[in-house]
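The values are calculated or read from the model by the stated rules, or taken from the named source; none is laboratory data. Treat the numbers as computed from the prediction; the structure is a model and nothing was measured. Cβ atoms come from the backbone with ideal geometry, glycine included; neighbour counts cover every protein chain shown.
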Amino acid sequence: MRHDLLHIRDLVKDVDGFLTNREGEALYKLASICRNGVIVEIGSWKGKSTIWLGKGAREAGAKTIYAIDHHVGSQEHQGEGSPVWTFKEFENNIRKAGLDDIVTPFVKTSVEARPLVKDPIDLLFIDGAHDYDSVKQDFRLWSPAVKNEGRVAFHDTPWPGVGRVVSEVLETGQFRRAYFSDTLFFLTKTDKANVLDKIRDRMMFHLSRSFYAVNASSRPKWVRTSQKNIIKMFRFMINPCPFVNKK
Ligand SMILES: C[S@@+](CC[C@H](N)C(=O)[O-])C[C@H]1O[C@@H](n2cnc3c(N)ncnc32)[C@H](O)[C@@H]1O
C-alpha cells in the first residue's frame, strides 16, 4: 500500500467516526482528482472523513473543503445523557492533521450553510442525517451546484433513507459511472447519460446491496470472502476505473 495512505490510516485511527479505511481511501482518491476544485462535506462529526478528503485535496491542489455540521449530532447520537457537541474535537483533529488552512467549517445545518457556498462543487459528500427526507433535502439543495463531471458520494447506503435516495438519483439520468466501496456509493454528474449507463448504474446498485447482504450474513468467513470477491469482479467489469476523470 502507498505510503501516504498508510500515513492517513495511522492519522485517523484514533479519530472517532463511522468510516472504514476502504471508504476513507475512496474519499481520498475522489478528492485527489478535484484539481483546483471545491469539496463540500455534509456531516463531519469529529473529522474522520474530513481528514481523508483533506489529504486527497491537498494532493490535488483543491481550493477548499467546506465541512458542514451543526455538531450536535444526528437523531441516533442524541438522547443518551449529556448533549452532543463535537466541534471542539473536530477542530483539534483537523489541526493535528495539518489541514486547518484548507478546511472551512460551517457550524450550521446544511440548509443554513447552502447560501454561503457560491462556488461550483467538484465533490459533494453527503453524510448528514440519514432519514429519507433529510438525505433527499441535502441532495436537492446541493447537487445542482455540482459541476458536470463532478462527483456525488453518499455514505451509509444500507440505511433505508439513504438507499432510497440513491435509487431515485439513478432514475434521474443526470449521473453515471456509479461505483461503491463498502457503504460509500458515488456517481459522476453528466448531461450525457444513456440507456446503457442507466443499466450499468442500476447493476452497480444491486451489486452494492448484495455486498452488504453478504457482509451481514452469518455464513462462514471463507464463503463470505469468496462471494465478495465475485461481486468485486462484477464491479470491476461494470466500472474498471472509477477514480479517473473522463470528459
Ligand atoms: C454519521 S455522522 C458523520 C460522520 C462523518 N462523516 C465521519 O466520517 O466520521 C452525521 C453528522 O451529520 C450531522 N448532521 C445531522 N443533520 C445535519 C444537518 N441537517 N446539517 C448539518 N449536519 C447535520 C450530525 O451532527 C453528525 O455529526
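Remarks
- Count - residues of the range 66-80 that are charged (D, E, K, R) and either more than 6 Å from the ligand (Cβ to nearest atom) or surrounded by fewer than 19 Cβ atoms within 10 Å (Cβ to Cβ) (or both): 2
- Residue within the range 232-241 that is buried (at least 16 other Cβ atoms within 10 Å of the Cβ), among the charged types (D, E, K, R) and out of contact with any Phe, Trp or Tyr (no Cβ under 6 Å at 6 or more places or on another chain) present: yes
- Residue in the range 11-29 that is under 16 Å from residue 105 (Cα atoms), under 16 Å from the mean Cα position of the chain (by Cα) and charged (D, E, K, R) present: no
- Hey, residue 106 modelled with pLDDT of 95 or more, more than 26 Å from residue 245 (Cβ to Cβ), near the ligand (Cβ under 9 Å from one of its atoms) and not hydroxyl-bearing (Ser, Thr, Tyr) or not: yes
Residues checked against (1) under 26 Å from residue 149 (Cα atoms); (2) touching a Ser or Thr at 6+ places or on another chain (Cβ under 7 Å); (3) at pLDDT 95 or above:
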site	(1), (2), (3)
32	yes, no, no
46	no, yes, yes
52	yes, no, yes
60	yes, yes, no
64	yes, yes, no
71	no, yes, yes
80	no, no, no
95	no, no, yes
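- Counted residues, the range 1-46 - those being free of Cβ contacts under 8 Å to residues at least 12 places away in the same chain and more than 22 Å from residue 85 (Cα to Cα): 6
- If you go through the range 47-65 and pick out every residue that is farther than 21 Å from residue 85 by Cα and either within 7 Å of the ligand (Cβ to nearest atom) or part of a helix (DSSP H, G or I) (or both), you end up with 9.
- Residue within the range 13-25 that is part of a helix (DSSP H, G or I), in contact with a strand residue (DSSP E or B) (Cβ under 8 Å, 6 or more places away or on another chain) and acidic (Asp, Glu) present: yes
- Filter result for residue 8 (more than 8 Å from the ligand (Cβ to nearest atom), of a type outside the set (Ser, Thr, Tyr) and assigned to a helix (DSSP H, G or I)): yes
- Among the residues listed as 201, 191, 133, the single one being of a type outside the set (Gly, Ala, Ser) and under 30 Å from residue 46 (Cβ atoms): 133
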